[in-house]
Amino acid sequence: MAGALSSLKIVEVGEMVSAPYCSKLLADMGAEVVKVERPGVGDRARTRGPFPGDVANPETSGLFLYLNTNKRGVTLDITKPEGFEILEKLVAGADILIHNVAPPEMDRVGLRYERMRRANPKLIMTSILPFGLTGPYRNYRAEDLTIWCAGGVCVLNGGGPEHPELPPLKTAGHQEGYQGGVHGATATIAAAFAQLSDGAGQHIEVSVQESIASILEMTFEYWPYMKMIATRLGQKPLQPVETMQCKDGYIYLCCIEEHQWRNFVEIMGNPEWAEMEIFKDRLVRALNWDALRPMLEEWVSQQTVLDLYRKAQAKRVPFAPVSTMGDLLNSEHLKARGFFVEIAQPVAGTHKYPGAPLKYGRTPWEIRRPAPTLGQHNAEVFGKQLELSDARLEELKRKGVI
């Protein structure tokens, strides 16, 4: 069977993470995607590692290769009138245009939905932007750190009022881009479904700041409900709920129900201190956590992660090993499910990449092709698909348009 989205044709004008991840999700489910990059330099993700052998090469960036599977790649300078005209021709034969071009550049080059729909009245255009297309921050530029801070995550990872010496903290990587991409993909599929019912396209704008703010769980309610400011630290109302270090790694302890605590005490060999009045129930254990924590840490530090985890599991105590990246790569469970996939790319070689976190019973998710080299499909897309002559392609290349 073909992929679930094999009937969709998509043009992507994307750099780094958000728009490329959005279109990758759709491409891996079968959609046909043409990725547009700047001539000569390409997507900025090509400059980001990791690189095989730690040797920088725009064709071997691990970030780029992961984000751009199943896409054909062309080079096109849409800031030039001739380049934008070619973009319009691509869009005319597509169902969807996905981009993360910043609003000031959208204005400058004319990347407006009103203009693009003249080329294709049924077009769905998904714009994934730092702060959306309206509001006082519309034209602000933003990278990952900016959006994490603006979305509220960094302050949650800070020390809070009780630990002012600890600054806000960003998570590793480009997580804001992935969140924007997931929200963009969900919205795009919904718009494609609506298009099937009424034949009309529409413009979708995704604010990455709002994508981040929407996943902060109940943190907005902490103050009106409890007069508390949510942070990663501070005194928990129940204990133990904590990550501690074993001999060979970290484990997450969770035994806030009384039967869980009693079973954990048995695992520890019923130490005398566990019967002290200051540890009599979960509320009191939380109030006296500064006394309980060192004793738990000392005992836990003498255990191995898997041994303690299995003992707790047998007693129905919900502990959890903290996986490292190596643990995930070597996980027997993920191997059995085929989560990691090997992708052969002509320059980078064959390497493992994360696969799909989902399984289709009938319409498969699959990697059909590796990420494109820079301009790999210019002749195929511009020549065969748009029917531009070889002479015209040479002229466009000489002018720096492609």
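Can you tell me which of (1) more than 28 Å from the chain's Cα centre (by Cα); (2) closer than 29 Å to I256 by Cβ is the one P321 doesn't meet? It is condition (1) that P321 fails. When the residues of the range 1-17 are filtered to those that are assigned to a strand (DSSP E or B) and charged (D, E, K, R), the one that is farthest from the chain's Cα centre (by Cα) is K9. Highlighted here are the helices (runs of 4 or more DSSP H) found entirely within the range 183-272 that include at least 2 residues which are in contact (Cβ under 8 Å) with a residue 24 or more places away in the chain: 208-213, 258-267.
Looking only at the range 18-63, residues that are part of a loop (DSSP other than H, G, I, E, B) and either in contact with a Leu (Cβ under 6 Å, 6 or more places away or on another chain) or over 24 Å from E380 (Cβ atoms) (or both) come to 10 in all. Taking the criterion of being open to solvent by less than 50 Å² (accessible area, probe 1.4 Å) and of a type in the set (K, R), would at least one residue in the range 256-271 satisfy it? No: zero hits. For the condition of a type in the set (D, E, K, R), out of contact with any strand residue (DSSP E or B) (no Cβ under 7 Å at 6 or more places or on another chain) and at pLDDT 95 or above, E266 qualifies. Yes or no: V284 at pLDDT 95 or above, surrounded by 13 or more Cβ atoms within 10 Å (Cβ to Cβ) and of a type in the set (V, I, T)? Considered against the rule, which asks whether it is at pLDDT 95 or above, surrounded by 13 or more Cβ atoms within 10 Å (Cβ to Cβ) and of a type in the set (V, I, T), V284 comes out as no. If you filter the range 47-59 down to residues that are open to solvent by 50 Å² or more (accessible area, probe 1.4 Å) and among the small types (G, A, S), you find that the one that is modelled with the lowest pLDDT is G53.
Considering only residues in the range 110-131 that are in contact with a helix residue (DSSP H, G or I) (Cβ under 6 Å, 6 or more places away or on another chain) and assigned to a helix (DSSP H, G or I), the one that is surrounded by the fewest Cβ atoms within 10 Å (Cβ to Cβ) turns out to be A119.
Restricting the search to the range 138-181, which residues are of a type in the set (G, A, S) and within 26 Å of F64 (Cβ to Cβ)?
Within the range 138-181, A142, A150, G151, A172, G173, G177, G180, G181 meet the criteria.
Just name the residue that is nearest to H203 (Cα to Cα) out of those in the range 147-181 that are of a type in the set (V, I, T) and open to solvent by less than 60 Å² (accessible area, probe 1.4 Å). Restricting to residues being of a type in the set (V, I, T) and open to solvent by less than 60 Å² (accessible area, probe 1.4 Å), the top hit is I147.
Residues in the range 74-85 that are assigned to a helix (DSSP H, G or I) and open to solvent by 10 Å² or more (accessible area, probe 1.4 Å): P81, E82, E85. Scanning the range 367-392 for residues that are over 14 Å from I86 (Cα atoms) and touching a Gly at 6+ places or on another chain (Cβ under 9 Å) returns I367, R368, A371, P372, T373, L374, G375, Q376, H377, D390. Residues that are assigned to a helix (DSSP H, G or I), touching a residue at least 24 places away in the same chain (Cβ under 8 Å) and either within 30 Å of G355 (Cα to Cα) or among the small types (G, A, S) (or both) do not occur anywhere in the range 287-304.
Residues are listed down the side, and each one gets a yes or a no for (1) surrounded by fewer than 21 Cβ atoms within 10 Å (Cβ to Cβ); (2) without any contact (Cβ under 8 Å) to a residue 40 or more places away in the chain:
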| site | (1), (2) |
| --- | --- |
| A4 | yes, no |
| G14 | no, no |
| V17 | no, no |
| Y21 | no, no |
| G30 | no, no |
| V34 | no, no |
| E37 | no, no |
| S61 | no, yes |
| R72 | yes, no |
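The values are calculated or read from the model by the stated rules, or taken from the named source; none is laboratory data. The structure presented is a predicted model; accordingly, all values stated were derived computationally and were not measured. Note: ideal-geometry Cβ built from the backbone for every residue, glycine included; neighbour counts use all protein chains shown. Calculation scope for accessible area: heavy atoms of the full protein, side chains included, ligands and nucleic acids excluded. Shrake-Rupley method; radii C 1.70, N 1.55, O 1.52, S 1.80 Å.
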